[in-house]
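Chemist: The structure is given below, and queries will be raised subsequently.
Nothing in this text is a laboratory measurement; each read-out follows from the coordinates by a stated rule. Bear in mind that the values here come from a model prediction, so they are computed numbers and not experimental data. Reconstructed Cβ throughout: ideal geometry from the backbone, glycine too, with neighbour counts over all protein chains shown.
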Amino acid sequence: KNVVDRQACAAAGQGILANNYNSLFQSLNMKGAQVLITQADFTDPTKYNYLVGTLDRLAAMGTIPIINENDVVTGCSQLDVNA
């Protein structure tokens, strides 16, 4: 599989993953929020500040962040494999 195939699979699976987390948190009377990140969110100061601000706001709201890499936009050409 190549990177685009992997990214498409990641996109298709995101809804399922989010629904599973939501069901779990609801059964515990808790709130969760998915936060998709990329490496740039840590290396770009503006993006980093937005990320920290978002996480702080979620904490203030009593919402648990579910942090996951945004595989749909994060490409890694080393994962390209010719089938």
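Chemist: Between residue 63 and residue 20, what is the label-to-label distance in nm when each label sits 7 Å out along the Cα-to-Cβ direction?
Modeler: 2.2
Chemist: Please state the shape class of the range 1-64: rounded when a/c is under 1.5, otherwise prolate if a/b exceeds b/c and oblate if not, all from the C-alpha gyration tensor. Display every interim value, and only then the final one.
Modeler: Details: a/c = 4.88, a/b = 1.08, b/c = 4.53.
It comes out oblate by the Cα gyration axes.
Chemist: For residue 55, what is the net charge nearby, where nearby means another residue's Cβ is under 13 Å from its Cβ and Lys, Arg count +1, Asp, Glu -1? Write out the running numbers ahead of the final one.
Modeler: Details: positive: 47, 57; negative: 41, 56.
Result for the neighbourhood of residue 55: 0.
Chemist: How many nm separate the modelled label positions at residue 48 and residue 31, each set 7 Å beyond the Cα in the direction of the Cβ?
Modeler: The modelled label-to-label distance comes out at 2.9 nm.
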